[in-house]
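Here's the structure, in structure tokens; my notes come after.
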Amino acid sequence: MMEANRIAPGLLRERLDPKFYGTRFVEAATRIAERQLPMARLDSLVAESAPITYGIVQPGVFVAPGEGVRLIRAVDFRDGSVDAARTEWVSHKIEAPYARARIHSEDYLITIAGTVGEVALAPKDIEPANLNQSVARIRF
């Protein structure tokens, strides 16, 4: 069933994506405002040396496990974690230009394409690893 919301002009911001104004998000934003909870932009909280970023855009041909660098994709997320057994591997040559997106154990990872908003903590034994363009890394 299609859902329609009437948004008060005061709530409209610069965002025009329709899901941002879905009922559950508008209600959550209202509760946050009513309770006067502190808010901050996520990019203001992360480590300066590791800004929020996504990774490899064109992974090329995958290589055998252990022959390169593990590639974490949105499809590798399962129940709040990364299923390391599902991950693919890319060559060091493909990965090198994306060094800025290398992940370390216990980085926060969030899907930004496909199933948007899935969150996982990078496993302790995941390195060496990088991300594809459907996952962002957040490091505090």
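Brief remarks on what is shown
- Cα-only Debye scattering, the chain: base-10 log of I(q)/I(0) at q = 0.09, 0.10, 0.19 Å⁻¹: -0.36, -0.43, -1.08
- The order of 77, 62, 25, going from fewest to most other C-beta atoms within 10 Å of their C-beta, is 25, 62, 77.
- Taking a sphere under 11 Å around the Cβ of residue 110 and counting the other residues whose Cβ falls inside, with K and R at +1 and D and E at -1, yields a net charge of -1.
- DSSP loop GluC sites (Glu not before Pro) with at most 16 other Cβ within 10 Å: longest gap in the chain: 68-105
- Per residue, the chain reaches -3000 deg cm²/dmol at 222 nm when only DSSP H runs of four or more residues are counted, each adding -39500 (n - 2.57).
- Helix 23-34 axis, angle to the chain major axis (alpha carbon atoms, nearest 10°): 70
FYI, it's all coordinate maths here, none of it is from the lab. Just so we're clear, the structure is a prediction, and the values are computed from it rather than from any experiment. For neighbour counting, all protein chains shown are included, and Cβ atoms are generated from backbone atoms with ideal geometry for every residue, glycine included.
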